[in-house]
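Undergrad: Attaching a single structure in structure tokens format; questions to follow.
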Number of protein chains: 2
Amino acid sequence: MPVGTQATIKTLHPAEVRATGAQIVLANTYHLMLRPGLELIEEAGGLHRFMGWRGPILTDSGGFQVFSLAAHAKVTEEGVVFRSHIDGSPRQMTPESVIALQLGFGSDIMMQLDHVLGLPAERRAITDATDRSARWLDRAVAAYHDQSGGSSRSVLFGIAQGGMEADLRRTSARFVAEADVAGCAVGGLSVGEPKPVMAAMLEESVPFLPVAKPRYLMGVGSPEDLWSCVARGIDLFDCVLPTRAARNGALFTPDGRIAIKNARWRRVHAPVDETCDCPACTDFTAAYLHHLFRADEVLGLRLASAHNLRFLAREMAAIRQSIEAGRFQAAADTFAARYRAVGANDE
Amino acid sequence: MPVGTQATIKTLHPAEVRATGAQIVLANTYHLMLRPGLELIEEAGGLHRFMGWRGPILTDSGGFQVFSLAAHAKVTEEGVVFRSHIDGSPRQMTPESVIALQLGFGSDIMMQLDHVLGLPAERRAITDATDRSARWLDRAVAAYHDQSGGSSRSVLFGIAQGGMEADLRRTSARFVAEADVAGCAVGGLSVGEPKPVMAAMLEESVPFLPVAKPRYLMGVGSPEDLWSCVARGIDLFDCVLPTRAARNGALFTPDGRIAIKNARWRRVHAPVDETCDCPACTDFTAAYLHHLFRADEVLGLRLASAHNLRFLAREMAAIRQSIEAGRFQAAADTFAARYRAVGANDE
């Protein structure tokens, strides 16, 4: 899922996002409640109409943002109070209020409010936050039924937490697995921990989540993450990486991530990726993209963003195909043998 | 002609520029000689291929930019020496070298090097610069024939100057009218002088230019300028205004220029201009554009740029139609009765 934090996938028209092959987009409840606000989005006929996206929209509850972006966030059992990072105004989020917001937006997939901790954190704090997230899930489910009257086309996902504590991960996953939700997410990973730790935590979480419901890993991932996390049972991803990296001139290719501003691309009068069917690769050369980035031209940001999203969509299509053909591991090995992660192709 | 200074119409894909109805785009020799440089553009197969624009390209000679952007510009009879505004490197332009550059780019319409003065300037300096521009035109024509061998698909335009001196304007226009060029431009206007002065200078220039050749007013104009300058015989325009204003949130509408960031647009759940068929007006509401600009989102810059270019292209189409129907003045009056220039709609 491409990330459209402020009701736009940065730099792209919704038709271009759709053309990348993306099926769902993510928007952020935290950002949208502050600007333009629920009332305005309701007036506009909902988030889909407002932003011109005809496919499904998943909205994050804001749990992650309120703890990373907002000033003076304070958690109580009731919810979290904080100050807007835009104008400093005092705000509040509760498990119930974020359901109201997301129903108001007309989200297709709503996320529960969870208590997200910065790392490193003590085991006791992680236990508290994980337990609180569980209680907030119960309240979210109740609020969902109360507010939607059982007739909503929006569905609710729960979020398993647990920090980097194996037993808390298991307990939390089991709790979410039992909840009356349409899908199960794993949160609080890819927050700076080493990749093997993330893999270990996934292995303590995913096996306890029902296979019949979608399993969503929040905030992940890179091209290499997709293979390793699908291998561990993940179905859905969201991440700012493809579009954020793109705006910094980092493009995904089958050989790895490249830095288009680097002088080695200056005279490459061929597409960045000959095998790619995105607008950057079909309409322009690497030399032109290099020029656009060197000259600080917005078209470069657009083309790179569309390219990286298309790269991930094609990768996910390849992953699905390899699973259906019963050759996932071979395909993962082929990818890994060629793909070089950050920096390796930047010289 | 939309302006693509650095081989890109800022924020837009060439297909979007084409969709606005624009037929020719302008690129800047000064910028392109510095970055990415002639050699690279030649390697790429010319400017059209490099930037993915399939229509005609007009390149400015760089005369205007070298006097406005470059550091330490010094004019001699030979040409102008200056330092790059990017890296401070010493550079030179002569009437012959800018023909070589433009032929190398593969420009469809090439402009002569002219000597552009900042205003205010003394009559003596204006006389000198205008005379020099005339001598440089002769050298440009000779260089064009020498370098292209008479077989080029590129054509050359001359530029009439003369500052705000009526008699110099007439002399210069007569000189360009006699030259062996495919079209005639009027330069050195819209540089800060009042609109009636520009109109007066046009009236001292255009009547002396041949009607059988296109007459091009450089660096103009606004929606209101197009009517008044076509009335004085101008056929071709270029200006950064539509795209630059767009990036500042100023959109053209039949009622005048509006500031989309203004609070009055926050809750307007209708297109900025109901009569417009651009992507901004067909796919989105004014409220959404307002949100994009408030949130500093690039999609806003794109949509506003496409909208303003479309507005001008539709305006030029209306102008042509009114001329063909023999009712130009009535159409101009209708436009002027409704259109409010800068600021009037910004409250």
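Undergrad: How far, in degrees from 0 to 90, does helix B:166-178 lean away from the longest principal axis of the Cα atoms of chain B, to the nearest 10?
TA: Long axis of B:166-178 versus the principal axis of chain B: about 70 degrees.
Undergrad: Can you give the relative contact order of chain B as a percent, counting alpha carbon pairs under 8 Å and 6+ residues apart?
TA: 14 percent
Undergrad: Tell me which of A:29, A:8, A:50 sits at the most positive position along the dipole axis of segment A:1-121, charges placed on C-beta atoms (Lys, Arg +1; Asp, Glu -1).
TA: Of the candidates, A:8 comes out farthest on the positive side.
Undergrad: Counting only DSSP beta bridges with both residues in the protein assembly as shown, what percent are antiparallel, rounded to the nearest 5?
TA: For the protein assembly as shown, the DSSP antiparallel bridge percentage is about 35.
Undergrad: At 7 Å along the Cα-to-beta-carbon direction for both residue A:24 and residue A:255, put a label point, then send me their distance in nm to one decimal.
TA: 3.5 nm
Undergrad: Could you list A:216, B:144 in order of exposure, starting from the residue whose Cβ has the fewest other Cβ atoms within 10 Å?
TA: A:216, B:144
Undergrad: Relative to the Cα centre, what is the charge dipole magnitude of the protein assembly as shown, using +1 at the beta carbon of each Lys and Arg, -1 at the beta carbon of each Asp and Glu, and rounding to the nearest 20 debye?
TA: Charge dipole of the protein assembly as shown: 60 debye, to the nearest 20.
Undergrad: Assume the label is 7 Å from Cα along Cα to beta carbon: what separations in nm does residue B:196 have to the matching positions in the other copies?
TA: So the distances to the same position in the other copies read 8.3 nm.
Undergrad: Using Cβ counts within 10 Å as a stand-in for footprinting exposure, how do A:167, A:138 rank, fewest first?
TA: Ascending Cβ contact count within 10 Å gives the list A:167, A:138.
Undergrad: Follow-up. Taking the alpha-carbon centroid of each part, what is the distance from segment A:116-167 to segment B:143-185 in angstrom?
TA: Centre-to-centre distance over Cα atoms comes out at 74 Å.
Undergrad: Tell me, what HN-Hα J-couplings in whole Hz come from the Karplus equation 6.51 cos²θ - 1.76 cosθ + 1.60 at θ = phi - 60° for each residue of segment B:297-302, using x for Gly and Pro?
TA: 9, 4, 4, x, 4, 4
Undergrad: Moving on to the next point. Checking the a/c ratio against 1.5 first, then a/b against b/c, what shape does the Cα gyration tensor give for segment B:85-191? Don't skip to the end; give the middle numbers.
TA: Details: a/c = 2.22, a/b = 1.32, b/c = 1.68.
Since a/c reaches 1.5 but b/c is at least a/b, the shape of segment B:85-191 is classed as oblate.
Undergrad: Can you list, shortest first and in nm, the gaps between the label point of residue B:72 and those of its counterparts in the other copies, using a point 7 Å from Cα in the C-beta direction?
TA: Ordered by distance, the counterparts are at 5.4 nm.
Undergrad: Further question: So what's segment A:2-56 giving for Rg/Rh, alpha carbon basis, Kirkwood Rh from the mean inverse pair distance? Numbers along the way, then the final one.
TA: Numbers: Rg = 10.8 Å, Rh = 11.3 Å.
That ratio is 0.96, to two decimals.
Undergrad: Let me ask something additional. Once the mean 1/r over all distinct Cα pairs of segment B:263-318 is inverted, what Kirkwood radius in angstroms do you read off? Show your work: numbers first, answer last.
TA: Values: mean 1/r = 0.0882 Å⁻¹.
Its Kirkwood hydrodynamic radius stands at 11.3 Å.
Undergrad: 222 nm [θ] for the protein assembly as shown, helices only, -39500 (n - 2.57) per DSSP H run of 4+, per residue, to 500?
TA: Working: 30 runs with 310 residues, N = 694.
It lands at -13500 deg cm²/dmol.
Undergrad: Ok, one more. Running a GNM on chain B with Cα contacts under 10 Å, which residue among B:277, B:238, B:60 ends up with the highest mean-square fluctuation?
TA: Greatest mean-square fluctuation among the candidates belongs to B:277.
Undergrad: Residue A:109's amide H: which non-local residues (gap 5+, or another chain) put their own amide H closer than 5 Å, with H modeled 1.01 Å from N in plane and none for Pro or chain starts?
TA: A:57, A:58, A:59, A:155
Undergrad: Go through chain A and flag any cysteine with no other cysteine's C-beta closer than 4.7 Å, please.
TA: Those would be A:184, A:229, A:239, A:278, since no other cysteine Cβ in chain A comes under 4.7 Å of theirs.
Undergrad: Using label points projected 7 Å from each Cα along Cα→Cβ, tell me how many nm separate residue A:325 and residue B:274, to one decimal.
TA: With each label point 7 Å from Cα toward Cβ, the separation is 5.5 nm.
Undergrad: Is there a simple number for the mean count of other chain Cβ atoms within 10 Å of the Cβ of residues in B:297-307, and what is it?
TA: That average works out to 4.
Undergrad: Assign unit charges at the C-beta atoms only (+1 for Lys and Arg, -1 for Asp and Glu), then state the dipole size of chain B relative to its Cα centre in Debye, rounded to the nearest 20.
TA: 740 debye
Undergrad: Figure the gain on full extension for residue A:267 and residue A:43 (residue separation times 0.36 nm, minus the Cα-Cα span) and round it to one decimal in nm.
TA: Taking residue A:267 through residue A:43 to full extension adds about 75.6 nm, to one decimal.
Undergrad: Evaluate the protein assembly as shown: find the radius of gyration of its Cα atoms, find its Kirkwood radius, and give the ratio Rg to Rh.
TA: 1.05
Undergrad: Around residue B:70, with a cut-off of 11 angstrom between Cβ atoms, what is the net charge of the other residues, counting Lys and Arg +1 and Asp and Glu -1?
TA: Working: positive: B:74, B:83, B:91; negative: none.
Every neighbour counted, the sum reads +3.
Undergrad: Is the shape of segment A:173-300 rounded, prolate or oblate, going by the alpha carbon gyration tensor and its root eigenvalues a ≥ b ≥ c, with a/c under 1.5 for rounded and a/b larger than b/c for prolate?
TA: Cα axes put segment A:173-300 in the prolate bin.
Undergrad: Considering the Cα positions of segment B:172-217, please state its Rg to one decimal place and its Dmax as a whole number of Å.
TA: Here Rg and the maximum Cα pair distance are 10.8, 33 Å.
Undergrad: Could you pull out the pairs from B:74/B:195; A:74/A:213; A:261/B:10; A:10/B:10; B:10/B:195 whose alpha carbons sit more than 24 Å apart here?
TA: With Cα atoms farther than 24 Å apart: B:74/B:195; A:74/A:213; B:10/B:195.
Undergrad: Apply the Kirkwood formula to chain A: the hydrodynamic radius equals the inverse of the mean of 1/r over all pairs of different alpha-carbon atoms; give it in Å with one decimal.
TA: Taking every pair of different Cα atoms in chain A, averaging 1/r and inverting gives 20.9 Å.
Undergrad: What is the extension gain from residue B:124 to residue B:85, computed as 0.36 nm multiplied by their sequence separation minus the C-alpha to C-alpha distance, in nm to one decimal?
TA: 11.2 nm is the gain from fully extending residue B:124 to residue B:85.
Undergrad: Per-residue HN-Hα couplings for segment A:12-22, Karplus 6.51 cos²θ - 1.76 cosθ + 1.60 at θ = phi - 60°, whole Hz, x for Gly and Pro?
TA: Here the 3J(HN,Hα) series is 10, 6, x, 5, 6, 4, 4, 5, 6, x, 5 Hz.
Undergrad: Net charge near residue B:115: determine it from the other residues with C-beta under 13 Å of the C-beta of residue B:115, scoring Lys and Arg +1 and Asp and Glu -1.
TA: Net local charge, residue B:115 excluded: -1.
Undergrad: Something else: For segment A:319-332, what does the Karplus curve 6.51 cos²θ - 1.76 cosθ + 1.60, with θ = phi - 60°, yield as ³J(HN,Hα) per residue in whole Hz, taken in order and with x for Gly and Pro?
TA: Ordered by residue, 3J(HN,Hα) equals 5, 4, 4, 5, 5, 4, 8, x, 10, 4, 5, 4, 5, 4 Hz.
Undergrad: If you don't mind, there's one more thing I want to ask. Calculate the dipole size of segment A:24-138 relative to its Cα centre from +1 charges on Lys and Arg beta carbons and -1 charges on Asp and Glu beta carbons; express the result in debye to the nearest 20.
TA: 280 debye
Undergrad: Which chain B residue sits with its beta carbon nearest the axis carrying B onto A, and how many Å away is it, rounded to a whole number?
TA: B:298, 3
Laboratory data are not the source of any read-out in this text; all were calculated from the coordinates shown. Nothing here was measured: the structure is a model prediction, and the numbers come from that model. Here the Cβ is made from the backbone with ideal geometry for all residues, glycine too, and neighbour counts use every protein chain on show.
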